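Throughout, read-outs are computed from the coordinates displayed, never taken from laboratory work. Source: prediction; values computed, not measured. Cβ atoms come from the backbone with ideal geometry, glycine included; neighbour counts cover every protein chain shown.
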Amino acid sequence: MESAYIAGSLLHTDKEHWKFYEEIASVVRKAGIDPYVPHIHTALGKDVHSQEAGTEPDPVFVFNKNKQAVEDASVIIAEVTNISTGTGMELLS
């Protein structure tokens, strides 16, 4: 099955905006493509906005997992309304 990487800002975006990424994923899924949404697939239930030690996802793990997902994706959909150096680095690599 084809896959789509849904790229977008997480750290510099309110969590409310993340629903937009999920809406994109829903459209992609309806088209028969398996969506990969980073805040769902790599955050492991941890809050990327948290400042509390041990509650935020490991950034190296997140970067490597997302980088692999980008490489494996058939298509990349980048929502770039908000600034994101992390998204740029994932797509660049």
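Count Lys and Arg as plus one, Asp and Glu as minus one, and take only other residues whose Cβ is under 12 Å from that of TYR5; the net charge is then -4. Spin-label pair SER3-ASN64: with each label point 7 Å from Cα along the Cα-Cβ axis, the two points sit 1.6 nm from one another. Length available on full extension from GLU16 to ALA31: 0.36 nm per residue minus the Cα-Cα distance, which gives 2.9 nm.
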